[in-house]
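Worksheet for the structure shown next.
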Amino acid sequence: MDADRIAVTLTDQNFQTIVLESEQPVLVAFWEEGYGPWHMLAPEGAALAEAFRGQAAVATLDVETEPETPKRYGIQTLPAVLFFKDGRVVDELTGVVDKADIAAKLHALTQTSEA
């Protein structure tokens with residue numbers, strides 16, 4: 001993953017490399033174009049990506065164009081945010097959530113990464 005990019009667009013094909021093989025925690029936001037609640041969360045995701053640059057990665061995956069990965073993780077409610085560490089899901093949030101809640105979870109993951 002390019003360290004200069006703020007947020008990464010995931011595909012079913014690059015998910016393994018970008019998320020599961022990442023050395024740092026990764027927030028993955030599952031979304032679908034045209035789904036209203038996502039548009040409330042998207043700007044906050046960009047701000048979080050900037051705030052956690054170098055500590056955690058922030059990525060998005062469109063469930064409509066990339067259906068295999070959401071199926072693998074049982075995504076049924078949108079938007080859904082999964083937090084990955086060491087190649088596995090360690091936490092999740094679904095529906096419209098507050099940026100502070102997401103930031104708190106990312107902060108906790110980055111702190112345990114450094115320990």
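Laboratory data are not the source of any read-out in this text; all were calculated from the coordinates shown. Owing to the predicted nature of the structure, the values given are computational and were not obtained by experimental measurement. Neighbour counts are summed over all protein chains in view; Cβ atoms, including those assigned to glycine, are modelled from backbone coordinates with ideal geometry.
By the count of neighbouring beta-carbon atoms within 10 Å, fewest first, THR110, THR77 end up ordered THR77, THR110. Near the amide H of ALA57, within less than 5 Å, lie the amide hydrogens of VAL26, LEU27, all on another chain or at least 5 residues away, with H placed in the peptide plane. Couplings 3J(HN,Hα) of segment 105-110, computed from phi: 5, 5, 4, 4, 5, 6 Hz, in residue order, whole Hz [Karplus 6.51 cos²θ - 1.76 cosθ + 1.60, θ = phi - 60°; x for Gly and Pro]. Across segment 11-26, computed HN-Hα scalar couplings (Karplus, 6.51 cos²θ - 1.76 cosθ + 1.60, θ = phi - 60°) run 10, 4, 6, 9, 4, 4, 5, 6, 9, 5, 9, 5, 7, 10, x, 10 Hz from first to last residue, x flagging Gly and Pro. Classified by the C-alpha gyration tensor, segment 7-114 has an oblate form. Its axis ratio a/c, with a ≥ b ≥ c, is 1.5 or above, and a/b does not exceed b/c. Phi angles across segment 82-93 convert, under the Karplus curve 6.51 cos²θ - 1.76 cosθ + 1.60 with θ = phi - 60°, into 3J(HN,Hα) values of 10, 10, 10, 8, 6, x, 9, 6, 10, 6, 7, 9 Hz, Gly and Pro given as x. Compared with the alpha-carbon gap, the fully stretched path from THR17 to GLU68 is longer by 16.8 nm at 0.36 nm per residue.
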